[in-house]
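**Student:** One structure is given below, represented as structure tokens, and several questions about it will come after.
The values are calculated or read from the model by the stated rules, or taken from the named source; none is laboratory data. This structure is a prediction, so every number in the text was calculated from the model and none was measured. Here the Cβ positions follow ideal geometry from the backbone for every residue, glycine too, while neighbour counts run over all protein chains shown.
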């Protein structure tokens, strides 16, 4: 499995993928954190869905990670795209047969790829955290936000908890992408369906069906990243979001193990 | 005695109700070059995929390097393969693509550059795969197959897209590998390509094995043909009669009598024709090529 991890890492390290992804992550984190502090007195709000987050809230110990956690859905979408593309491309390029000749254990291929992409997601999240934390400190003075509580024990705890939740959510979205990639065997289809579902379909369903977001996988994974959401408790999001992914991953792992590689 | 490099018994694969391979039986002796020939769609790639553990047979059994094909993990580390054309990551360089496979198989990276040089890509390893010509892609595929320093090399249509000198180089490469003791199982739809390098042949048509054995046995299975052309066309019937009266099968093709018979009988035919007052303008003994034998067996045009 370690050999698969190394091989996958080599593919993920290619400059066009690595630098474009990391630049996107920097852009997303920079934008969300900057807007959080720069629009602090804006009537249209400075948080997700027009939510108003004032200086007092941002001065709390968890104020340092508010900007970072608000990027969770977009970071998740980036992870979804990468996991889906890296998985489905093996079918479209026909390279899966090469992988399976060199490593016949299909579960090792799957797990090695997954761990390698998990490491990539970790790098993404760490970078996003660094950018967000740096900008938060940099813009706090401008927004009249006190940073004293951020460097307390409670502040570090909130930082670690926020990072853990965002990483869990990123992995959740990534897993969703990998499931789609294995099911659809096409990068374009799996990315399109995944992104449209998470960003559009779930939002529309949540608007027209009461409490729909409590049962939709994307909303549940996003809620994990935010440590809970409106109408969704953290344990509920973790339990049902995790359940969706476990069942999905189980089905595709079974299919991947049994399916003939005939392309 | 060495066990065969490949052995299959009643190996079958059915997709829905369409049989892709039907009760195939053949062996590939260790240390030989074995050609795997059949028209497109005859089941060659399906067979190769089953041997490499990529698809599951619906019936029959097989062994590769003495291990059951149910456990490809036991023999694949000693097998190099290029299946149905080269497949690599377009955005990676040729060298990086080989390194991905070297990572995967746990092979030393120091093997990559010499392999690129061996297949004539020594100075193009830093080019992206998507910029390669078809011939270069094919060479990279062969390099990838050689990464594990295989005991058994499986090449599916390795000369596709290569120019004549490239084809010749691949032939030489296969010969060199065979001389070093590597068993080479090479498929092609062009029999003429394999006739020159294969000691053994497995011939497929419509998912069935038509012939499996020594190339020489296949050649000797077909009797040579004497082609006789009388000086005057009106004498053609007399030549046919002489041959038939002496127990030979004859067919007339383009004004010539094609007589099944060995070269030894040519002198007798010439004498009998002379005694009948016929002058033969041409009398040649033709040994059928493997291709002709194959078409004879498969009924292809």
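**Student:** Which condition breaks for residue A:85 when tested against (1) surrounded by fewer than 23 Cβ atoms within 10 Å (Cβ to Cβ); (2) within 30 Å of residue B:75 (Cα to Cα); (3) in contact with a helix residue (DSSP H, G or I) (Cβ under 8 Å, 6 or more places away or on another chain); (4) more than 8 Å from chain B (Cβ to nearest Cβ)?
**Tutor:** Looking at each condition in turn, residue A:85 falls short on (2).
**Student:** Somewhere in region B:159-171, is a residue closer than 30 Å to residue A:108 by Cβ and surrounded by 15 or more Cβ atoms within 10 Å (Cβ to Cβ)?
**Tutor:** So in region B:159-171, the residues closer than 30 Å to residue A:108 by Cβ come out as none.
No: region B:159-171 contains no residue that is closer than 30 Å to residue A:108 by Cβ and surrounded by 15 or more Cβ atoms within 10 Å (Cβ to Cβ).
**Student:** Can you tell me which residues in region B:228-245 are within 38 Å of the chain's Cα centre (by Cα) and surrounded by fewer than 17 Cβ atoms within 10 Å (Cβ to Cβ)?
**Tutor:** Of everything in region B:228-245, just one residue is within 38 Å of the chain's Cα centre (by Cα) and surrounded by fewer than 17 Cβ atoms within 10 Å (Cβ to Cβ), namely B:244.
**Student:** Now a separate question. Taking the condition in the same structural domain as residue B:55 (by TED's automatic domain parsing), touching a helix residue (DSSP H, G or I) at 6+ places or on another chain (Cβ under 8 Å) and touching a residue at least 12 places away in the same chain (Cβ under 8 Å), does residue B:125 pass?
**Tutor:** On the way: in the same structural domain as residue B:55 (by TED's automatic domain parsing): yes; touching a helix residue (DSSP H, G or I) at 6+ places or on another chain (Cβ under 8 Å): yes; touching a residue at least 12 places away in the same chain (Cβ under 8 Å): yes.
So residue B:125 fits the description; yes.
**Student:** So, one more: Looking at B:19, B:57, B:29, B:86, can you tell me which residue is over 27 Å from residue B:137 (Cα atoms), modelled with pLDDT under 90 and surrounded by 16 or more Cβ atoms within 10 Å (Cβ to Cβ)?
**Tutor:** Values: B:57 fails: modelled with pLDDT under 90; B:29 fails: modelled with pLDDT under 90; B:86 fails: over 27 Å from residue B:137 (Cα atoms).
Selected residue: B:19, the only one of B:19, B:57, B:29, B:86 that is over 27 Å from residue B:137 (Cα atoms), modelled with pLDDT under 90 and surrounded by 16 or more Cβ atoms within 10 Å (Cβ to Cβ).
**Student:** Which of the residues that make up region B:139-152 are more than 17 Å from residue B:116 (Cβ to Cβ) and either outside any loop (DSSP other than H, G, I, E, B) or outside the structural domain of residue B:30 (by TED's automatic domain parsing) (or both)?
**Tutor:** Residue satisfying the conditions is B:152 alone.
**Student:** Listed residues B:65, B:52, B:76; which is facing chain A (nearest Cβ under 10 Å) and touching a strand residue (DSSP E or B) at 6+ places or on another chain (Cβ under 7 Å)?
**Tutor:** Details: B:65 fails: facing chain A (nearest Cβ under 10 Å); B:76 fails: touching a strand residue (DSSP E or B) at 6+ places or on another chain (Cβ under 7 Å).
Unique residue meeting the criteria: B:52.
**Student:** Shifting gears a bit: Name the residue, out of A:204, A:176, A:255, A:182, that is surrounded by 20 or more Cβ atoms within 10 Å (Cβ to Cβ) and over 17 Å from the mean Cα position of the chain (by Cα). If you could, list the steps in order and put the result at the bottom.
**Tutor:** Numbers: A:204 fails: surrounded by 20 or more Cβ atoms within 10 Å (Cβ to Cβ); A:176 fails: over 17 Å from the mean Cα position of the chain (by Cα); A:255 fails: surrounded by 20 or more Cβ atoms within 10 Å (Cβ to Cβ).
Among A:204, A:176, A:255, A:182, only A:182 is surrounded by 20 or more Cβ atoms within 10 Å (Cβ to Cβ) and over 17 Å from the mean Cα position of the chain (by Cα).
**Student:** For region A:1-51, what are the residues that are surrounded by fewer than 15 Cβ atoms within 10 Å (Cβ to Cβ), touching a helix residue (DSSP H, G or I) at 6+ places or on another chain (Cβ under 8 Å) and over 28 Å from residue A:64 (Cβ atoms)?
**Tutor:** Of everything in region A:1-51, just one residue is surrounded by fewer than 15 Cβ atoms within 10 Å (Cβ to Cβ), touching a helix residue (DSSP H, G or I) at 6+ places or on another chain (Cβ under 8 Å) and over 28 Å from residue A:64 (Cβ atoms), namely A:2.
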